[in-house]
1. Quick one: in the stretch 205-235, of everything that is outside any helix (DSSP H, G or I) and touching a residue at least 40 places away in the same chain (Cβ under 8 Å), which residue is most open to solvent (accessible area, probe 1.4 Å)?
2. Would you please list the contacts, defined by Cβ atoms under 8 Å and residues six or more apart or on different chains, that run from a residue in the stretch 236-254 that is touching a residue at least 40 places away in the same chain (Cβ under 8 Å) and at negative phi to a residue that is of a type in the set (Gly, Ala, Ser) and more than 8 Å from the ligand (Cβ to nearest atom)?
3. Checking ARG241 against (1) part of a helix (DSSP H, G or I); (2) surrounded by 14 or more Cβ atoms within 10 Å (Cβ to Cβ); (3) charged (D, E, K, R): exactly one of these is not met. Which one?
4. Determine if the stretch 171-184 includes at least one residue that is more than 16 Å from the ligand (Cβ to nearest atom), open to solvent by less than 70 Å² (accessible area, probe 1.4 Å) and in contact (Cβ under 8 Å) with a residue 60 or more places away in the chain.
5. What's the number of the only condition in (1) open to solvent by 60 Å² or more (accessible area, probe 1.4 Å); (2) among the polar types (S, T, N, Q); (3) at pLDDT 95 or above that SER50 fails to meet?
6. Considering each residue of the stretch 249-303, count those that are more than 12 Å from the ligand (Cβ to nearest atom) and among the acidic types (Asp, Glu), and give that number.
7. Anything in the stretch 114-169 that is in contact with a strand residue (DSSP E or B) (Cβ under 8 Å, 6 or more places away or on another chain), open to solvent by 70 Å² or more (accessible area, probe 1.4 Å) and not in a strand (DSSP E or B)? List them, or say none.
8. Condition first: open to solvent by 20 Å² or more (accessible area, probe 1.4 Å) and outside any loop (DSSP other than H, G, I, E, B). Now tell me which residues in the stretch 190-204 satisfy that.
Amino acid sequence: MEHLRYAVTTIRAAAAPDVTVDFNIQTNGVLLDPVFLDLFDEFDVSVGISMDGDEAGHDLHRRRADGQGSYQAVRAGLDLLTSPPYRHLFGGLLSAIDLRNDPVTTYEALLACNPPGMNFLLPHGNWDAPPPGRLPGDAAPYGDWLVAVFDRWYGAEVRETRIRMFSEIIRLLLGRPSNSEAVGLSPVALVVVETNGRIEQVDTLKSAFEGAAGTALHVSRDPFDTALMLPSIAARQIGHRALAQECRSCPVRRVCGGGLYPHRYRAGSGFLNQSVYCQDLLRLITHIHATVARDVAALRPGA
Ligand code: SF4
């Protein structure tokens, strides 16, 4: 607790007067209690909860060492977070996709928590360690799963919540830049500071291979801008020029951007590959494009 207080106050005090520092915590919520939440309230720390759907869906793979599912504990933390004194701290829900769960049931279970926003994560995987349920050829099981959620979300009569992945794809389709590293070609503008002070690349890279995120930089001696000189980070600043040949000629490359960087990894060629989710991204993006284009066309005068 005091570590958190120390970190927040020290970082805020060290920031230049014209720099705004936002603090967000992503947690499964099982340790949330009024003491933590009062601290987050004091320092305006927003809290995101990781939850994967209804109890059956969540507990399918979120299990404790004793085999018990964690849903009830997560739900207790979420109920406390969404109670009147703390509701304003609730940042939203983050859900890892499990193909064994029905997509619409999963979405509606999350929606029942009234989140201000939610997002879905593709499980980490790459060409050497494909994600669960990935099929060869043109099959797009994750794309189909997300299309079902998109249709339920987009087809609602009122906007029930934000879903970041879909909003980002729609922004990109309308010609705007992306604010997410998961899609689009915007330069990646983040580094990770580990608790030992090491400056690293985004930690999801660790899913590719041991040490993939590491750099030799340290906050005690290196300004953050130094990270931009690292070839691995520079490669993520140059948009389509850093894409694999297949992606460069892909019709949805500007929206897809080759997918999340760790998902492109293959031993030998490194990250210069299509995403292991290529067919899924193609399926989702072309579906959203067709849906939005139809609605935009209907708005035209005389349509
Ligand atoms: S859909 Fe596939 S080929 Fe096209 S940009 Fe995305 S990963 Fe590359």
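1. PHE209
2. Hits for this filter: ARG236/ALA242; ARG254/GLY184.
3. Of (1) part of a helix (DSSP H, G or I); (2) surrounded by 14 or more Cβ atoms within 10 Å (Cβ to Cβ); (3) charged (D, E, K, R), only one is false for ARG241: (2).
4. No: zero hits.
5. (1)
6. Number of matching residues: 1.
7. ASP128, ARG164
8. VAL192, VAL193, ARG198, GLU200, ASP203, THR204
The values are calculated or read from the model by the stated rules, or taken from the named source; none is laboratory data. Remember, predicted model here, so these are calculated numbers, not experimental data. Counting neighbours? That spans all protein chains shown, and the Cβs are built from the backbone with ideal geometry, glycine included. Just the protein is used for accessible areas: all its heavy atoms, side chains included, with ligands, DNA and RNA removed. Shrake-Rupley method; radii C 1.70, N 1.55, O 1.52, S 1.80 Å.
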